[in-house]
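The values are calculated or read from the model by the stated rules, or taken from the named source; none is laboratory data. Since the structure is predicted, the reported quantities are computational estimates derived from the model, not experimental observations. Cβ coordinates were reconstructed from backbone atoms using ideal geometry, including for glycine residues, and neighbour counts include every protein chain displayed. Only protein heavy atoms, including side chains, enter the accessible area calculation; ligands, DNA and RNA are left aside. Shrake-Rupley method; radii C 1.70, N 1.55, O 1.52, S 1.80 Å.
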Amino acid sequence: MNKLMWFRQDLRLMDNQALTAAIEAAKIGDSQVRALFIASPEQWQQHSVAPIQIDFIERHLQLLAQELVEVGIDFELIHVDLYQDITTTLTQYCIENNIDAVYASEDPEWNEIQRDRDVQSALNSISCDLLLTSQHCILPPGSVKNQSGAMYKVFTPFRQRWCQHARQRQWGLIDKPVAIPTPPSASQKSSLQLLAPKTSSGAWQAGEQVAQQCLKAFVSQQVGQYKEVRDFPAVAGTSQLSPYLAIGVLSPKQCLVALLSEFPDVLVDESSDGRTWLNELIWRDFYRHLLVAFPRLSKGQNFKHNADRIIWSNRQQDFQAWCEGRTGYPIVDAAMRQLNQTGWMHNRLRMIVASFLCKHLLIDWRWGETYFKTKLIDGDLAANNGGWQWSAGTGCDAQPYFRVFNPVTQAQKFDPQGDFIRKFVPELAHVSGRALFQPLPMVRKDLLTGDTYPAAIVEHKQARVRAIDVLSVIKAN
């Protein structure tokens, strides 16, 4: 009987527990390993998966197919419409290919968990097992609990307990599989194409080796200065590994092991230069643990129940101006244009634009979350949902509802020379001094060159007072 590796959000050979388990099981039974990716374009559309991310996935599937052939594993791409169609398709595939075990990595999202339950039931009916490994987090969901055995609702104690658990583990990586006897059908698939809308992801290099090189370079050369430079969007101070993590070209455990190789005391010493980036990895785990512990987060619901009482204004014209980078606040507009043009946005800017949408414009965070998903190359439900609810004040351990980012002071602090603003808002390229950061009370053609820049759609002080009043319904939580 043969074994099947079902790739999902783990498009790599290195440190892939499910793939390694499939190969080891095949060796014991002297059987073959096949590999499969099931695309579901209509489901992706329902989940607002960005065309640039779909293109990035396609490029990695093509590389993955080549790498699998080199280790003797045949790879196939199958299309279905929706997750509900996977059950029948996968069951029939296993029957036709004499497969008695399917290996895959767990996904934390609610729809994906339900998909796997349905698949498991169907496979069991044909005496085939679905064997899932937990590797989308560094520590598995449910493994970091408070003294009552429940999921933490505050990050700091979660982080402290997380570090305690992490210190007790050995952090070795699983090597790339060695070559196994090549099945007669193994051949390189030359035209693996996803039948879904795509936009070019060519600005990002593809490949597992590329991702590992980027990780190594970042940890060895930049992590030491990460705390000081990470908030400045004009500086290349962040890892920019999120697109690779989102589709599993890198595992989060690989990130931790690389960090430990340069900063071996990072789990113990809070003053370690690697600690700030470690905290980012722990935040990633935190949001994924929350997604599993509280399935309503996958369903677009507020974490804080009192937030259901918020009366959002949801003015369509304000939302459209925000989407297009026409709010009249230079740092907000530059950030949104970066997203629209590149499919990526600096993390500090994600907080600024999210706060602006939810608090200055009083637009439901779910509108912003969905728009981000349609654009981001690193789209990830747990991180996207967690970040948006944090900014809106509706989430777990969120920013207080009464804290409203001032986009002018944020720009002055984190883009002090205006380099980022000028890059993405060329209308302001020749504006200097404080005027570059200020919203214009009216269209000032004397400050501009070329296209005119819009007046501010809202006044900060008035918007702040209004936001605190409307969002105050959260405080009873």
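Summary table below
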quantity	calculated
Partner lysines for Lys304 [C-alpha distance under 18 Å; skip if fewer than 8 residues away on the same chain]	Lys153, Lys359, Lys475
Kirkwood hydrodynamic radius over Cα pairs of region 285-349, then Stokes diffusion coefficient at 4 °C and 1.567 mPa s, in µm²/s	90
For the chain, fraction of C-alpha pairs farther apart than 30 Å, in %	50
Relative contact order of region 243-366, defined on C-alpha pairs under 8 angstrom at six or more residues apart (%)	15
Rel. contact order, % - alpha carbon contacts under 8 angstrom, at least six apart, region 37-97	54
Taking the chain and dividing mean pair separation by its residue count, relative contact order in percent (alpha carbons under 8 Å, at least six apart)	17
Using a Förster distance of 41 Å, the FRET efficiency for Val210-Ser472 (Cβ separation, nearest 0.05)	0.30
The chain - share of DSSP beta bridges that are antiparallel (%, nearest 5)	5
0 to 90° range, to nearest 10: angle between helix 330-342 axis and the chain longest Cα axis	30
Angle between the chain longest axis and helix 17-29 axis [Cα atoms, degrees, rounded to 10]	0
Length added when fully stretched, Gln240-Ser261, from 0.36 nm per residue minus Cα-Cα	5.6 nm
Under 5 Å, built H, 5+ apart or other chain: amide partners of Asp100	Asn2
Estimated FRET transfer efficiency (Lys227, Arg169; beta-carbon r; R0 22 Å; 0.05)	0.30
Distant-in-sequence amide H partners of Gln222 (H built 1.01 Å from N, under 5 Å)	none
Normalised alpha carbon radius of gyration of region 359-417 [divisor 2.2 N^0.38 Å]	1.24
Net length gained if the chain between Trp312 and Gln160 were fully extended (0.36 nm per residue, minus Cα distance)	51.1 nm
Gain on full stretching of the segment that runs from Asn146 to Asp81 - 0.36 nm per residue minus C-alpha separation	19.3 nm
Reference-scaled alpha-carbon Rg (2.2 N^0.38 Å with N residues) for region 1-138	1.00
Alpha-carbon spread of region 1-82, three principal axes, descending order, Å	42, 22, 18
Semi-axes of the equivalent ellipsoid for region 111-150, Cα gyration tensor, largest first, Å	28, 11, 10
All-pairs alpha carbon distance profile, region 254-381, 5 Å steps from 0, percent	2, 9, 15, 17, 16, 15, 12, 8, 4, 1, 0
Degrees between helix 86-96 axis and first principal axis of the chain (Cα, 0 to 90, nearest 10)	20
Apportionment of accessible area to carbon and sulfur, the chain, percent (1.4 Å)	48
Scattering curve values for region 134-292, log₁₀ I(q)/I(0), Debye with Cα scatterers, q = 0.09, 0.18, 0.19 Å⁻¹	-0.38, -1.20, -1.29
Among Ile113, Leu123, Phe232 - extreme Cα towards positive end, dipole of region 111-245, charges at beta-carbon	Phe232
Whole-Å distance, taken between Cα centres, linking region 356-433 and region 107-160	30
Long-range amide H partners of Thr133 with built H, under 5 Å	Ala104, Ser105, Glu106
Sparsely packed GluC sites (Glu not before Pro) within region 233-293, loop by DSSP, other Cβ within 10 Å at most 15	Glu270
